[in-house]
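*Asks:* Below are the structure tokens for one structure; questions will follow.
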């Protein structure tokens, strides 16, 4: 990704892919991708819950020299998994993800380059241990774009194993 516009576009394109999941059967949508793993429903809900957390908690705090503490991953992940398997429909899960991601995109479009590259401390660390770069809004969302693609690939492998091809 070369700039903030490319990053926002990549995050936005995830919604088109999520919409394509409408074509798969409910049974498959709620089936674990592997034994001991989440279903596509849980994966998409997990991303939705993180998008909401980012909008409510992280984005407002991402300022130059801010000291930010993030929630433990498992807190959000377990809530998302339970919600996905609570009886909510595939349509609701997909619609909720589109709304949550559009909220992220809308807020990011309002940010300046200065805001995107303001350095902050996250959980006591100035450098992101995964990327090796300083914590900035840009790097944080680049990590989430990677995270989206990681889960997208997992779901696509699962669908291919079940002889399902998503409409492009």
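*Asks:* Yes or no: residue 8 touching a residue at least 40 places away in the same chain (Cβ under 8 Å) and either closer than 22 Å to residue 156 by Cα or in contact with a strand residue (DSSP E or B) (Cβ under 9 Å, 6 or more places away or on another chain) (or both)?
*Replies:* When the stated conditions are applied, residue 8 does not pass them.
*Asks:* Filter the range 123-165 for residues that are touching a helix residue (DSSP H, G or I) at 6+ places or on another chain (Cβ under 8 Å), closer than 20 Å to residue 65 by Cβ and not in a helix (DSSP H, G or I); which is modelled with the highest pLDDT?
*Replies:* Taking the candidates together, the pick is 136.
*Asks:* Related question: Can you confirm whether the range 109-116 contains a residue that is in a helix (DSSP H, G or I) and buried (at least 16 other Cβ atoms within 10 Å of the Cβ)? Give the derivation first.
*Replies:* Within the range 109-116, the subset in a helix (DSSP H, G or I) is 109, 113-116.
Restricting the remaining residues to those that are buried (at least 16 other Cβ atoms within 10 Å of the Cβ) gives 115-116.
Taking every residue of the range 109-116 in turn, at least one turns out to be in a helix (DSSP H, G or I) and buried (at least 16 other Cβ atoms within 10 Å of the Cβ).
*Asks:* Right, here's the next one. Just to be sure I understand, how many residues within the range 23-41 are part of a helix (DSSP H, G or I), at pLDDT below 95 and either under 30 Å from residue 124 (Cα atoms) or touching a helix residue (DSSP H, G or I) at 6+ places or on another chain (Cβ under 7 Å) (or both)?
*Replies:* Residues meeting the conditions: 1.
*Asks:* If you take the residues in the range 31-41 that are surrounded by fewer than 23 Cβ atoms within 10 Å (Cβ to Cβ) and under 16 Å from residue 87 (Cβ atoms), which one is farthest from the chain's Cα centre (by Cα)? Give the derivation first.
*Replies:* Step one: filter the range 31-41 for residues surrounded by fewer than 23 Cβ atoms within 10 Å (Cβ to Cβ), giving 31-39.
Now narrow it down to the ones that are under 16 Å from residue 87 (Cβ atoms): 31, 39.
On the way: 31: 20, 39: 15 Å.
Ranking the candidates gives 31 first.
*Asks:* I'd like the residue in the range 118-148 that is over 16 Å from residue 61 (Cβ atoms) and touching a residue at least 24 places away in the same chain (Cβ under 8 Å) and, out of all such residues, is surrounded by the fewest Cβ atoms within 10 Å (Cβ to Cβ).
*Replies:* Among those residues, the one meeting the criterion is 147.
*Asks:* Find the residue count for the range 59-92, including only residues that are assigned to a helix (DSSP H, G or I) and out of contact with any strand residue (DSSP E or B) (no Cβ under 9 Å at 6 or more places or on another chain).
*Replies:* 17
*Asks:* Does the range 59-102 hold any residues that are surrounded by 14 or more Cβ atoms within 10 Å (Cβ to Cβ), within 13 Å of residue 47 (Cα to Cα) and touching a residue at least 40 places away in the same chain (Cβ under 8 Å), and which are they?
*Replies:* 81, 84, 93, 94, 96, 97, 98, 100, 101
*Asks:* Could you say whether any residue in the range 42-58 is part of a helix (DSSP H, G or I) and in contact with a strand residue (DSSP E or B) (Cβ under 6 Å, 6 or more places away or on another chain)?
*Replies:* Within the range 42-58 (the criterion being part of a helix (DSSP H, G or I) and in contact with a strand residue (DSSP E or B) (Cβ under 6 Å, 6 or more places away or on another chain)), the answer is no, since none of the residues qualifies.
The values are calculated or read from the model by the stated rules, or taken from the named source; none is laboratory data. Nothing here was measured: the structure is a model prediction, and the numbers come from that model. Here the Cβ is made from the backbone with ideal geometry for all residues, glycine too, and neighbour counts use every protein chain on show.
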